[in-house]
Amino acid sequence: MSDERSMEVEGEGVAPPAAAADPTSASSKGAYRNASASGEIPSYDGDDRARATDFANYFCSYAQLYHQKQMLTDHKRMEAYYAAIMGNSEVFRDKVVMDVGTGSGILAVWAAHAGARRVYAVEYTDMANHARKLVEENGVGHVVTVIQGAVEDISPEALGGIEGEDGPVDIIISEWMGYFLLRESMLDSLIRARDKFLKKHTGLMFPSHTTMYFAPVEDENERKTSVSEYTNSMTDWNDFVESTKTMYGVDMGPLHNAFQREQKEYYLLSSRWSELRPEQVLAQPVAVKYLDMCTCTLEEARGLLKGNPGGAFDFDVVGEDETAATEGGGPVGGRHAVVSGFAGWFTADFKSRTDADGAGAPTVAHPSVLSTGPENGYTHWGQQVFHLLSNVPVIRGQTTRINGELEVIRNKDNARLYNCRMRFRTSRRRNEEKKDGAVLMQGPEVEAVYQIP
């Protein structure tokens, strides 16, 4: 994962609304930019410099087999795609398929095994050379054509279609999802490929639908570790300032605030990859964003913007009663705990079209689903955890209510990365009280901005 400090945060990182930072700006003030002049991902309309930057900061790792192996050994990922493709061979039989971001080419090979007549496997990096070898050695070279380049640069004519007419492709498959679904912004490329190549009324997208989930979690050991690492870093800085002044006669003290800000962004205000256990989820997760891959727009791919109804959340974390005991394997709910922060993850469905234009599309008789949530065990995506600067206690016999709004916003200076802004309030009431009943405690509004590195 990148550790780029890509976000501007005021003061201690938690600010009242009037002082909140711009969550899309970078602390480098333009010194680092991984976006085209128009703010798009460089593979779409970037100049040579922007594309070179994008390759160095994003694509290059995907050209390495070790990185491909990490994804290929994620068996939850592999099982979901294998079931979706091989379990619905009647949908693929004699069809034209495009695999966007084919990597090693394994999804393209499966599509050929499922009976596709032609598969176009598009890969930006030199991994395309490995993909060509893989498809040939697996006996499907007569079906699969590997195309190296950005999918945005390929014309429908190259695939036998004509610009402006119904696309030449029956099915688009892609493993485009990043941390908390949107990170990496590969969805932009997929949408442009869909609009250019997919048959409008009968085409299928695999996956077909995706959903982002958000929930409060207990992750106190990791939260305290982050705080401890930040504290140790600042102690080390103070020692460095004193020793530099004593030994070399230069006072580094004027740089204290800048260093402190860097360390807060890195240790305290960056999400952390985690493999949470189901019992660490403290309330029913909420779906904050839902995308139909046949209809979603580039605007929707940019994130979850302020005021979007889907970004609102209202959690009840129930402290166990004096005689209550936790039962079952669901959210801990009734356990005496603390809220350490929030976590985000996603699901991807492979199922029939649900949009009106797709009424005549083939039916996906055997749906498949990929979940990166805690209930599904390890995936290489894991969950992104946003630790609070201080935890929220859950009091025995009381319900802690946490309600607010989540924004997920693309970074202006790196179109591949996203920042999250959270505004929320906490209150407590007795367990027997209704949700809007008498309140025992009402906290102030808290606002924080995190980067997803």
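Is it the case that some residue within segment 319-327 is modelled with pLDDT of 95 or more and hydrophobic (A, V, I, L, M, F, W, C)? So far as segment 319-327 goes, no, none of its residues is modelled with pLDDT of 95 or more and hydrophobic (A, V, I, L, M, F, W, C).
Considering (1) touching a residue at least 24 places away in the same chain (Cβ under 8 Å); (2) assigned to a helix (DSSP H, G or I); (3) open to solvent by 10 Å² or more (accessible area, probe 1.4 Å); (4) not small (G, A, S), say which one H201 fails and leave the rest. Tallying (1) touching a residue at least 24 places away in the same chain (Cβ under 8 Å); (2) assigned to a helix (DSSP H, G or I); (3) open to solvent by 10 Å² or more (accessible area, probe 1.4 Å); (4) not small (G, A, S), H201 fails exactly one: (2). Could we say that R410 is under 30 Å from H209 (Cβ atoms), surrounded by 15 or more Cβ atoms within 10 Å (Cβ to Cβ) and of a type in the set (D, E, K, R) here? Yes; evaluated as a whole, the condition is true for this residue.
Considering segment 217-257, the residues that are open to solvent by less than 40 Å² (accessible area, probe 1.4 Å) and among the aliphatic types (A, V, I, L, M) include one that is nearest to F386 (Cα to Cα), namely V217. The single residue among R353, R401, R421, R428 that is touching a residue at least 60 places away in the same chain (Cβ under 8 Å), open to solvent by 20 Å² or more (accessible area, probe 1.4 Å) and part of a strand (DSSP E or B) turns out to be R401. Just to be sure before I move on: is G115 surrounded by fewer than 22 Cβ atoms within 10 Å (Cβ to Cβ) and closer than 20 Å to F206 by Cβ in the structure I sent? Here the answer is yes, as G115 does meet what is asked.
The residue that is most open to solvent (accessible area, probe 1.4 Å), counting only those in segment 65-107 that are aliphatic (A, V, I, L, M) and at pLDDT below 95, is L65.
Filtered by the rule that a residue be surrounded by 21 or more Cβ atoms within 10 Å (Cβ to Cβ) and either of a type in the set (G, A, S) or under 13 Å from the mean Cα position of the chain (by Cα) (or both), segment 271-290 gives S271, R272, A283, V288, K289. Could you look through segment 431-453, keep only residues that are among the charged types (D, E, K, R) and part of a loop (DSSP other than H, G, I, E, B), and pick out the one that is nearest to E265 (Cα to Cα)? Filtering segment 431-453 for residues that are among the charged types (D, E, K, R) and part of a loop (DSSP other than H, G, I, E, B), the one nearest to E265 (Cα to Cα) comes out as E445.
The values are calculated or read from the model by the stated rules, or taken from the named source; none is laboratory data. Worth saying up front: this structure is predicted, and the values here are computed from it rather than measured. In this analysis, Cβ positions are derived from the backbone assuming ideal geometry, glycine residues included, and neighbour counts consider all displayed protein chains. For the accessible areas, the whole protein counts, side chains as well, though only heavy atoms, and no ligand, DNA or RNA atoms are used. Shrake-Rupley method; radii C 1.70, N 1.55, O 1.52, S 1.80 Å.
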